Amino acid sequence: MEFKDYYKIMGVARDATQDEIKRAYRKLARKYHPDVSKEPDAEARFKELGEANEVLKDTEKRAAYDQLGANYQGGQTFNPPPDWNAGFEYSGGKSAGGDAADYSDFFASMFGRDFNAGGAGRASPHAKGEDHHAKVLIDLEDSYHGATRTITLRVPAMDTQGHVVTKERVLNVSIPKGIREGQHIRLSGQGSAGSATGKAGDLYLEIEFRPHPLYRVDGRDLYLDLPVAPWEAALGATVKVPTLGGIVELKIPEGSASGRKMRLKARGIPSNPPGDCYVILSIALPPAHTEAAKELYRKMAHDLAFNPRTKLGV
Amino acid sequence: MNTENNLSQLTICIHEEQTQLTLADLCRACSIHADEIIALVEVGVLEPQGREPEQWVFIGDSLHRARKALRLQRDLGIDFAGAALVLELLDEIASLRTRLRAMGGEL
């Protein structure tokens, strides 16, 4: 078991005052709170922080930890001496963050796994089982057409010896047509079993789209970059556009500039109301690989007398 | 690794749009007292349909918003009004990020 340096985790000195610890915790909690943070390891950091705070904010636990920790460094192998925590009395108190079950083995060896476990009412025989959450990746097409997908979830479970093992759970899920990124599919009764007469919890699958080669997604709307030839943009043209529902024809007005945004109504995600598909024109230059092409460019340069930088004053 | 198969078709709904919850449902799901849900409605974190608390109907999204607000309040030492502000700003950041990505921008 690894010794945990709670002072290091909190970024405070060993002789920090309780107020300094409180301030350090608040600051780091804001930085690493999983609901707020963009840090990749936010969840793990926040858990660690909660555990450190649980010990250091409480003068009794802090004293016990200090007595033990004087000879250890963070990460060192820790062997708890027998009955080392005898003589300390813990008054408990409400846990600030996370479940006691999330605490490290190191914490558990010091203060016990059952410390503050669960909230009030957890033990009720009517308690509903816990809800489970998972993120699933689907294709944009699955939302557009609706689809049935086999989804594999990895679920930590306890085996008969009490070890934590990873179970694979395969679910056949029909993806509702029109579901958007960030929305959840609820699978009733697929969470943890409830206690005695309680109902099982639900399983929530949060939808995320795999990056699409053509479309970018904003809520129910889609964005597509459409390359057009300079003459199509200049003279106007009717061009083919791929949409999720098939190819449609789009009329490019004459004199269109690069970046012009055109809307294909109701060609986005088919919810109620349906999303739109925005087509962003991007003018593609024909390559000047051949002498004939070069000659055309030279002719344009000569005949058009075009300065694209007039607005820059040069 | 063990495999548990559950390949029968499951009852599905888009939680944000099709789940409807009463005040009692929300209290049970979040393991909190109705007063706290009422306080979350007062600061605008939750926006139920219906006039009186007994008639309130919450959409499914409320469950996640309520849980998030409760976590923020508990973990960051802020009140519900502060949590409401954080949620609003988080929503705004999320929508700006998707818009930016949709426009082809990088973060």
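Quick notes on this structure:
- Some residue of region A:232-243 being outside the structural domain of A:Ala257 (by TED's automatic domain parsing), surrounded by 15 or more Cβ atoms within 10 Å (Cβ to Cβ) and within 19 Å of A:Tyr278 (Cα to Cα): no
- Of the helices (runs of 4 or more DSSP H) contained entirely in region B:6-94, those carrying at least 3 residues that are farther than 27 Å from A:Asn272 by Cα and more than 11 Å from chain A (Cβ to nearest Cβ) fall at B:34-42.
- Pairs meeting the criteria (first residue in region A:19-38 and of a type in the set (Lys, Arg), second residue surrounded by fewer than 16 Cβ atoms within 10 Å (Cβ to Cβ), beta carbons under 9 Å, at least 6 apart or on different chains) are A:Lys22/B:Gly77; A:Arg26/B:Gly77; A:Lys27/A:Gly11; A:Lys31/A:Glu39.
- Unique residue being buried (at least 20 other Cβ atoms within 10 Å of the Cβ) and either touching a Leu at 6+ places or on another chain (Cβ under 7 Å) or of a type in the set (Gly, Ala, Ser) (or both) when the list is A:Gly198, A:Gly219, A:Gly162, A:Gly191: A:Gly191
- Residues satisfying the stated conditions in region B:25-62, i.e. of a type in the set (S, T, N, Q) and on the phi > 0 side of the Ramachandran plot: B:Ser31
- The residue of region A:163-195 that is modelled with the lowest pLDDT, among those that are closer than 16 Å to B:Arg28 by Cβ and more than 7 Å from chain B (Cβ to nearest Cβ), is A:Ser195.
- Filter pass, A:Pro273 being of a type outside the set (Val, Ile, Thr) and closer than 30 Å to A:Lys177 by Cα: yes
- Selection count where residues are more than 14 Å from chain B (Cβ to nearest Cβ) and crowded, with 18+ Cβ neighbours inside 10 Å, scope region A:4-60: 9
The values are calculated or read from the model by the stated rules, or taken from the named source; none is laboratory data. What you see is a predicted model; the values in this text were computed from it and never measured. Heads up, the Cβs are rebuilt from the backbone with ideal geometry, glycines too, and the neighbour counts pull from every protein chain shown.
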